[in-house]
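Heads up: the structure comes next, in structure tokens.
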Amino acid sequence: MRSWIERSPYSRALGVQLEEIDSGGARLRLPFAEANTNPGQVLHGGVAASLCAIGAQAVARAALGAASGPWHGAALQVNYLAAAKAQDVVAVARLLREGKELCFVEIDVATDDGKPIAHATSIVRARFGAEPAELPASAGDHGGSDPGAMGPHIGRIPFIAGRGIAVLHMSGGASRLVMPFRDANADDAGGVHEGALLALLDTTGAMASWAVTGPGPYRASTPSLQAQILAPSPRGDLVAYGRNAARDGSAFWSDVEVARVSDGRVVARGTVVYRIIE
């Protein structure tokens, strides 16, 4: 497991370190790095989600064995409890139940001094070398390109810049973002790392919420992220479509589809719960 994490370019780009691993759990450390932040040296939510996905997969791979791959996070629920500002964080993953091809894992992310940052549950699926399934086609969107007033600035956020994510559309409660393939987003097999994919999904959902309000005297946060990764994503560019499905005051629910640019097939979907407070 240490070799798998250290060989993954995305894990190396983040700086993830495996401290402990056994049949029942894993402990990961992420030293503070400016490249993993939002403005103000706050850890990006996509980084916390990445730690949860890496921890869950490490536990599942250790439990089911190397011959059970490839693996993907069939379901992930991340609840964000507090912000980590200019601090190292630690993720502890625990195996809740091992099935024939599914592992149920719980992950807690906290700062070094014990402040809880995020709590997650994950179902990791092992495919045991099965042929890839046919993935659904994305419905896409209207095809227009209006990044709005905020869109051009999103790519300047350190963590987003590192992924190469760009906003193509961000208006009328809808968003479209692209993430070109780059080595820093790759897993050990050469495909797109689940963590990078989750970062794209998270950001697209947030931008769909901002596409409702537009810029203003606001502050924002992500209370929760739910994601389903339908299959391991091969090497290639990804596009994500976000749509705000509901709003109740400061709370926004935005649905996201992530598809391959090459053929429009959906590799992940999810919902981002977002808050924008005046």
- For residue 127 paired with residue 237, estimate the spin-label separation in nm (one decimal), with each label point 7 Å from Cα along the Cα-to-Cβ line. 2.3 nm
- Query: Non-local amide H neighbours of residue 224 (under 5 Å, H modeled in plane, Pro and chain starts lacking H): which ones?
  - Reply: 80, 273
- Rounding to the nearest 20 debye, state how big the charge dipole of segment 140-229 is about its Cα centre with +1 on each Lys and Arg Cβ and -1 on each Asp and Glu Cβ. 340 debye
- A correct Karplus calculation of ³J(HN,Hα) over segment 88-93, with 6.51 cos²θ - 1.76 cosθ + 1.60, θ = phi - 60°, whole Hz and x for Gly and Pro, returns 5, 10, 10, 10, 10, 10
- Relative to the chain, whose Cα atoms define the longest principal axis, helix 45-64 and its Cα axis are tilted in degrees, nearest 10, by 20 degrees
- Task: Find the accessible area per residue for segment 216-278; the probe is 1.4 Å, ligands and nucleic acids are left out, and the unit is Å².
- Result: 48 Å²
- Message: Over segment 1-144, what is the relative contact order in percent, taking alpha-carbon pairs closer than 8 angstrom and at least six residues apart?
- Response: 23 percent
- For segment 82-140, state which GluC sites (Glu not before Pro) are in a DSSP loop and have at most 13 other beta carbons lying within 10 Å of their beta carbon. 134
- Message: With P(r) over Cα pairs in 10 Å bins from 0, in percent as the read-out, I listed (1) 6, 26, 28, 17, 11, 8, 3, 0; (2) 7, 32, 38, 19, 4, 0; (3) 7, 27, 30, 22, 11, 3, 0; which label goes with the value calculated from this structure?
- Response: (2)
- For residue 173, what charge total do you get from the other residues with a beta carbon under 9 Å from its beta carbon, if Lys and Arg give +1 and Asp and Glu give -1? +2
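Just from its helices, what would the mean residue ellipticity at 222 nm be for the chain, if runs of 4 or more DSSP H residues each count -39500 (n - 2.57) and the sum is divided by every residue, rounded to the nearest 500 deg cm²/dmol?
-6500 deg cm²/dmol
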- Tilt of helix 194-213 relative to the longest C-alpha principal axis of the chain, in degrees (0 to 90, nearest 10)? 20 degrees
- Taking the dipole of segment 29-110 about the Cα centre (Lys, Arg +1; Asp, Glu -1; charges at Cβ), the one of 82, 107, 33 that reaches farthest to the positive side is 107
- Item | Derived scalar couplings ³J(HN,Hα) [segment 23-39; Karplus, 6.51 cos²θ - 1.76 cosθ + 1.60; whole Hz; x for Gly, Pro] | 5, x, x, 8, 10, 10, 10, 10, x, 4, 8, 4, 5, 9, 10, 8, x
- Most packed first (mean Cβ within 10 Å per residue), the peptides 142-152, 242-252, 119-129 order as 119-129, 242-252, 142-152
- Mind jotting down the distance between the C-alpha centroids of segment 254-278 and segment 112-131, whole Å? 19 Å
- What per residue convex hull volume, in Å³, comes out for segment 64-158 when only alpha-carbon positions are used? 181 Å³
- Task: Would you kindly state how much longer the chain becomes between residue 212 and residue 34 on full extension, computed as 0.36 nm times their sequence separation minus their alpha carbon distance, in nm to one decimal?
- Result: 61.1 nm
- Task: Tally up the carbon and sulfur contribution to the accessible surface of the chain as a whole percent, 1.4 Å probe, everything protein left in place.
- Result: 52 percent
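The values are calculated or read from the model by the stated rules, or taken from the named source; none is laboratory data. Keep in mind the model is a prediction, meaning the values are calculated, not measured. We place every Cβ from the backbone using ideal geometry, glycine too, and count neighbours over all the protein chains shown. Surface accessibility is based on the protein's heavy atoms, side chains included, excluding ligands, DNA and RNA. Shrake-Rupley method; radii C 1.70, N 1.55, O 1.52, S 1.80 Å.
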